Amino acid sequence: MNASTMSSQERAHYELRFRSLFHEGRAYAFPCDAAGRVDMDALSDRARDNYFYARTVIGREVSVPAVQPCDMH
C-alpha cells in the first residue's frame, strides 16, 4: 500500500464535526485524518464552501470542531 492510499483510508475513519449550537443533531462533518486535517482537494466545491463557512461561524452558529471516528455502515 502506498502512502496516498494509506492516508485516504485513514481519512475515511475520522471526521471533523462542527455541531450546531442551536439545533440538536445538526452538524457539518468532513472527512479528515486522526489529527483533524481535511484534504481540501478531495472535497467537492459545495463541501469546500461548507467547510469554510463552518470555520467562519465557530462560536456563533457551530461549536469548535471535534475529531471523531466515523460511523462505518
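Quick note: the coordinates plus some simple rules give every number you see, no bench work behind them. The model shown is predicted, which means the values in this text are computed figures rather than measured ones. Glycine gets a Cβ as well: all are built from the backbone with ideal geometry, and neighbour counts include every protein chain shown.
Arg48 versus Val64, label points 7 Å from Cα toward the beta carbon: distance in nm?
Label at Arg48, label at Val64, 2.8 nm between them.
Please give the net charge around Pro65, taking every other residue with its beta carbon less than 9 angstrom from that of Pro65, where Lys and Arg add +1 and Asp and Glu add -1. Don't skip to the answer; put the middle values down first.
Values: positive: Arg17, Arg19, Arg55; negative: none.
Value of the local net charge: +3.
In the range 3-69, with Lys and Arg counted as +1 and Asp and Glu as -1 at Cβ, which of these residues, His23, Gln68, Val38, has the Cα nearest the positive end of the dipole, that is, farthest along it?
Toward the positive end, the furthest listed residue is His23.
Pull up all non-local amide H partners of Leu21: gap of 5 or more, or a different chain, and H-to-H distance under 5 Å with H placed in the peptide plane.
Residues meeting the criterion, in which the H sits 1.01 Å from N, are Val62, Ser63.
At q = 0.21, 0.28 Å⁻¹, what is the log10 ratio I(q)/I(0) for the range 3-69, with the Debye formula run over Cα points and no solvent?
-0.84, -1.24
So, counting K/R as plus one and D/E as minus one, what does the shell of residues with Cβ under 13 Å around Tyr28 add up to? Let's see the in-between values first.
Numbers: positive: Arg17, Arg19, Arg26, Arg46, Arg48, Arg55; negative: Glu15, Asp49, Glu61.
For residues surrounding Tyr28, the net value is +3.
Calculate the FRET efficiency for Ser20 and Asp41 from the Cβ-Cβ distance with a Förster distance of 22 Å, rounded to the nearest 0.05. Don't skip to the end; give the middle numbers.
Numbers: r = 27 Å, r/R0 = 1.22.
The value I calculate is 0.25.
Residues with amide H under 5 Å of Glu15's amide H, sequence separation 5 or more or different chain, H placed in the peptide plane at 1.01 Å from N; which?
Cys32, Gln68, Cys70
For Cα pairs less than 8 Å apart in space and 6+ apart in sequence, what is the mean separation divided by the residue count of the range 3-69, i.e. the relative contact order in percent? Can you show the working numbers first?
On the way: 99 pairs, mean separation 27.4, N = 67.
Relative CO of the range 3-69 lands at 41 percent.
Place a +1 charge on the Cβ of each Lys and Arg in the range 3-69 and a -1 charge on the Cβ of each Asp and Glu, then give the dipole magnitude about the Cα centre in debye, rounded to the nearest 20. Provide the component values of the computation, followed by the final result.
Details: 9 positive and 9 negative charges, 43 e Å.
Using only the charged Cβ atoms, the result is roughly 200 debye.
Take the Cβ-Cβ distance between Thr56 and Ala27 as r, set R0 to 25 Å, and report the resulting FRET efficiency rounded to the nearest 0.05. Mind dumping the intermediate values first?
Numbers: r = 15 Å, r/R0 = 0.62.
Step by step, r from the Cβ atoms, then E = 0.95.
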